[in-house]
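Student: Starting off with a structure, shown below.
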Amino acid sequence: MQQEETDAELSYLKSQINPHFLFNTLNLIYSLTIKKSEQASEAVVKLANMMRYVLYESNKNFVPLQNEISYIKNYIELQQSRFGDLINVSFNITGNTSSNKKIAPLILIPFVENAFKHGVNAEENSDIKIHIEITQHELTLGVFNKKVKPVTMNNNEGGVGIINTKSRLQLLYAGNYELNIEDDEKDFYVYLKLHLYD
Amino acid sequence: MIKAVAVDDELPALEILQDFCSRTEEIQLEKKFNKPTEALNYLKQNPVDILFLDINMPSLNGIEFSKILPQKTNIIFTTAYSEYAVEGFNLDAVDYLLKPFTFRRFQQAIDKAIYFLKAGETTVTSFITLRVNYGLLKINTNDILYIEGLDDYLKLHLYNQRAVIVRMTMKTMFEKLSPNEFVRVHRSFIVPLSKINSVRNKLIHIGDDEIPLGSSYEESFLKAFKSPS
């Protein structure tokens, strides 16, 4: 009975592909096809891979780390195509990038999405920094964004995606994770450390 | 040539609009902006006929933007998210385009904007400034019932206001007015097409007044009066 409840809760909490992101990406692809750009086909493949991951892999409790990293990479690259030079995004991964470890699917992306949701503003100098470090047993994620002028959004430590993720972390990584969120007037910073299972 | 400006914080969206505008004959996309404040500054100095405006930019809400525009412009809202589309309607926009939109759908929106521009009945209010005895006077051209020429002076018959006398020639006055709306019908008369109730026996009825239709102006007047646009 307990297991069923946990499963139900987990599937409820698992984030689906953000519909806004989906439409934004479709628009991006649309404009690339109108320009007859060679990047159009790449963008389609990125999106297809992301959707495949969400549809088929995210219902597992743990997936290969590589897949989650690819997902994040695709997400960031597609976002960069939308804004070009208008925003500063730095994304780097250090450590053992060919690790065979596993991770909970879509556990990192809500923090990255949050940075793009609250940190992108063509008017100001948008600055987003994402860093992932992989050691033998641990993964560390750091996400930093400057906050844009608030428009209609409420800044409650990131919104539903992050709240759900906190619950999932508690359910899947109890005792084996560390999450620090620093939310001040101008900046938002997330630090997440996870134990990597085999 | 119909002048347009596009504002969207995403580059791909601006590129689509540029491509689509270049496929039309009538629309000239003067500028593209991804920073709303730059767009606002430009529009203060350079009014345009059509503004393509993204409703949901993080830096400035498109709806707020439309409220602080210095003059009324025909706005076509664009949005990627359907939940914002309704707000476009609430704001007197000409149309809203849900991204991605086809060229055909884009043309529909343009045709609607052009229709409004030609009919002169819309979000666009135009003013003329006239020098009178006591200073400068600003007149809403929508209030003009007809203009009567008297030697060196003109008498502007206005809706719900006292008539205005101004020292100007018919020719100069005519040049200040929109040619789609105002027509010369007589040596001494200019009338706005939208105010005409009827035309009978070479007399144009506007309100309670009858304005004569001069023979040399008859042909061009009837053409303009009967034209469907």
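The values are calculated or read from the model by the stated rules, or taken from the named source; none is laboratory data. Computed from a prediction, not measured in an experiment: that's the story for all the values here. Here Cβ is always computed from backbone atoms with ideal geometry, including for glycine, and neighbour counts include all displayed protein chains.
Student: What number of residues within the range B:187-203 are without any contact (Cβ under 8 Å) to a residue 24 or more places away in the chain, in a strand (DSSP E or B) and surrounded by 12 or more Cβ atoms within 10 Å (Cβ to Cβ)?
Tutor: 1
Let's see how each residue does on (1) among the hydrophobic types (A, V, I, L, M, F, W, C); (2) farther than 18 Å from B:N140 by Cβ:
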{"site": "B:M168", "(1), (2)": "yes, no"}
{"site": "B:K176", "(1), (2)": "no, no"}
{"site": "B:N180", "(1), (2)": "no, no"}
{"site": "B:P192", "(1), (2)": "no, no"}
{"site": "B:R200", "(1), (2)": "no, yes"}
{"site": "B:I206", "(1), (2)": "yes, no"}
{"site": "B:G214", "(1), (2)": "no, yes"}
{"site": "B:E218", "(1), (2)": "no, yes"}
{"site": "B:F221", "(1), (2)": "yes, yes"}
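Student: Run B:F101 past the list (1) at pLDDT 90 or above; (2) surrounded by 14 or more Cβ atoms within 10 Å (Cβ to Cβ); (3) assigned to a helix (DSSP H, G or I) and report the number of the one that doesn't hold.
Tutor: (3)
Student: Search the range B:32-44 for residues being over 17 Å from the mean Cα position of the chain (by Cα) and surrounded by fewer than 18 Cβ atoms within 10 Å (Cβ to Cβ), and hand back the single one that is nearest to B:Y96 (Cα to Cα).
Tutor: Looking at the filtered set, the residue picked out is B:L40.
Student: May I ask you to verify whether A:F23 is within 14 Å of chain B (Cβ to nearest Cβ), of a type outside the set (A, V, I, L, M) and crowded, with 20+ Cβ neighbours inside 10 Å?
Tutor: no
Student: Are any of the residues in the range B:119-131 surrounded by 17 or more Cβ atoms within 10 Å (Cβ to Cβ), over 22 Å from the mean Cα position of the chain (by Cα) and within 26 Å of B:Y217 (Cα to Cα)?
Tutor: No, there is no match, as no residue in the range B:119-131 is surrounded by 17 or more Cβ atoms within 10 Å (Cβ to Cβ), over 22 Å from the mean Cα position of the chain (by Cα) and within 26 Å of B:Y217 (Cα to Cα).
Student: Residues of the range A:31-57 being surrounded by 20 or more Cβ atoms within 10 Å (Cβ to Cβ), out of contact with any Phe, Trp or Tyr (no Cβ under 9 Å at 6 or more places or on another chain) and more than 13 Å from A:Q79 (Cα to Cα), which ones?
Tutor: A:S31, A:L32 - these are the residues of the range A:31-57 that are surrounded by 20 or more Cβ atoms within 10 Å (Cβ to Cβ), out of contact with any Phe, Trp or Tyr (no Cβ under 9 Å at 6 or more places or on another chain) and more than 13 Å from A:Q79 (Cα to Cα).
Student: Can you find even one residue in the range A:39-48 that is within 25 Å of B:M57 (Cα to Cα), within 11 Å of chain B (Cβ to nearest Cβ) and among the charged types (D, E, K, R)?
Tutor: Checked against the condition, which is being within 25 Å of B:M57 (Cα to Cα), within 11 Å of chain B (Cβ to nearest Cβ) and among the charged types (D, E, K, R), the range A:39-48 yields no hits at all.
Student: Pairs please, first residue from the range B:208-229 and modelled with pLDDT of 85 or more, second anywhere and in a loop (DSSP other than H, G, I, E, B), Cβ atoms under 6 Å, 6+ apart in sequence or on different chains.
Tutor: Filtered contacts from the range B:208-229: B:L213/B:K202; B:G214/B:R187.
Student: Do we have any residue at all in the range A:116-123 that's under 19 Å from the mean Cα position of the chain (by Cα), part of a strand (DSSP E or B) and either within 14 Å of another protein chain (Cβ to nearest Cβ) or at pLDDT 90 or above (or both)?
Tutor: no
Student: Output the residues belonging to the range B:1-47 that are farther than 22 Å from A:K35 by Cβ, away from chain A (no Cβ under 14 Å) and touching a helix residue (DSSP H, G or I) at 6+ places or on another chain (Cβ under 9 Å).
Tutor: Passing the criteria: B:I2, B:E26.
Student: Return the residue satisfying two criteria in turn: it lies in the range B:1-31 and is touching a Phe, Trp or Tyr at 6+ places or on another chain (Cβ under 9 Å) and in a strand (DSSP E or B), and of such residues it is surrounded by the most Cβ atoms within 10 Å (Cβ to Cβ).
Tutor: By that ranking, first place goes to B:V7.
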